[in-house]
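One structure is given here, and the rest of the page talks about it.
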Amino acid sequence: MQRISDPLPGTGGTVLKARTFECMGTVIGLTLPVGNPAEGHAGLDELAAATAVVELLFRDLDETFSLYRPDSEASRLARGELKLSQASAGMRERYAEAHEWRLRTEGAFTPERPDGVLDLSGIIKGHAIREAGTSLLALGRRDWCLNAGGDVLVSGSPTPGRREAWKAGIVDPADRRTLITGYALSGNSPHRAIATSGSAERGEHIWRVGNSAEFVQVTVAATDIVTADVLATAIVAGGTRMLDRAADNWDVAVLAIRADGSMLATPAFQPA
Amino acid sequence: MKLRGTAAAALASAGILLAGWQTGTQVNGISTVASSTTATGTTGATGPGPSGTGSSGTGASGSTGSAGASGSSSSSGSSGSSKSSASGTYKGSTVQTRFGPVQVQITVANGKITDVTALQLTNSDGKSMQISNRAAPLLRSKVLAAQSANVQTVSGATITSDAYLTSLQAALDAANL
């Protein structure tokens, strides 16, 4: 039972460490509680290895699905050089998944632009995060937080072996450097994922149902990242109607902010 | 605690329905009001609302006659004075929802709903349950305390790599280098 130096006393011998990389036009960060490998904690090497796995996965998906790369499979589909029936299995799976969400959200989420061009960018980041999470678990990592441009999936706890939640702050759309509120992920909550969509968002094309952008920012916490991501996008597009539909039909918590700063929140976001 | 808001919302929607009913547009009378109440988000029921009527008995068929259903339930005192002044308490049928079984009771006096009560709101452990997941207004002043909360990550609308540099998340990541 020898006691080795404790990097941050009181946190179970671990300290949070993060590694980041750029992909899909934004920054992806992986945070792990890092400690002494001799005590069974992940070390800095494990963090580097885990980040490399996540990065490879994101890059592979970006190469296939990016509409910013003229040579990607998605771009060739968009230009009509490739038919969906000839596309890769991965492409067709994401298309099927996106269409499933279109049905479930009554069209508020859609994988097609108004001009008919297929655009899966609304689902691909969530898919990448989901796949990365699966890989991290397969690597034996139990406690981590993965943040891809503001969409977050966590596992376990920031303090290994405890039920302490990962706490996610939610950005104020009127001032990106302040937080409006926070939400506890994992811990005692079944929600492990949180995603935020904005009405003036880069890359992710949101086409409104009707003509008004009722909400400037919508945050959804859910048990999985794709649900959180898709529903946040759908509620920005579909307004209160879609918000009610999401709250009724999925196990989600929602915080929606209007342009005037007023907010709507489901019970999990309401102060006790 | 959350129930009060829920009940208020239900009351409001029921009120609207009742208004419609009083003008004779809802020929199914009370039973419709009861089931609609259940379906409009009181319970957050996902499936179709109950088409049944529960213990109120369908009374009130309102066939054609005067301003909607001349009511009179088979249940309690329907002091119904001739025309459209149904009174009494009416129970909707029990609906299975994501939150457990839910049954709603309304109290009607002289054709107006005066109270909406959720009758079954407990799970198998006898704990009271949240029956609606609908969103309600949230005051900024109520959540400002969270600003100072210690967070490990930040969720916001997707930002560009450039915007990341000045973001809170970048500060967090830098702190964890």
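Things to note:
- Subtracting the Cα-Cα distance of A:Ala174 and A:Leu56 from 0.36 nm times their residue separation leaves 39.0 nm of extension gain.
- Average beta-carbon neighbours from other chains, 10 Å sphere, peptide A:20-31: 4
- Spacing of the two label points (7 Å from each Cα toward its C-beta) at A:Glu81 and A:Asn36, in nm: 5.7
- Förster-model FRET efficiency, 22 Å R0, B:Lys112 and B:Lys142, C-beta, rounded to 0.05: 0.10
- The packing ranking of peptides A:218-224, B:104-110, B:169-175, A:84-90, highest mean first, is A:218-224, B:104-110, B:169-175, A:84-90, where packing means the average number of other beta carbon atoms within 10 angstrom of each residue.
- Sequence-separation-based contact order of segment A:3-265, relative, with Cα cut under 8 Å and 6+ spacing, percent: 14
- Here the spin labels are modelled as points 7 Å beyond Cα on the Cα-Cβ line, and at A:Ser189 and A:Ala213 they lie 2.6 nm apart.
- In this simple spin-label approximation, A:Arg162 and A:Glu93 carry label points 7 Å from Cα along the Cα→Cβ vector, and these lie 3.7 nm apart.
- Diffusion coefficient (Stokes-Einstein, Kirkwood radius over C-alpha pairs, 37 °C, 0.692 mPa s) for segment A:3-265: 171 µm²/s, rounded to a whole number.
- Computed over chain A, the per-residue total of -39500 (n - 2.57) for DSSP H runs of n ≥ 4 gives a 222 nm mean residue ellipticity of -11000 deg cm²/dmol, rounded to 500.
- Distance violations [Cα-Cα > 26 Å] among B:Lys91/B:Lys142; A:Lys125/A:Lys167; A:Lys17/A:Lys167; B:Lys112/B:Lys142: B:Lys91/B:Lys142; B:Lys112/B:Lys142
Read-outs throughout are calculated quantities, based only on the coordinates presented, and are distinct from any laboratory measurement. These numbers were taken from a predicted model, which means no experiment stands behind them. Here Cβ is always computed from backbone atoms with ideal geometry, including for glycine, and neighbour counts include all displayed protein chains.
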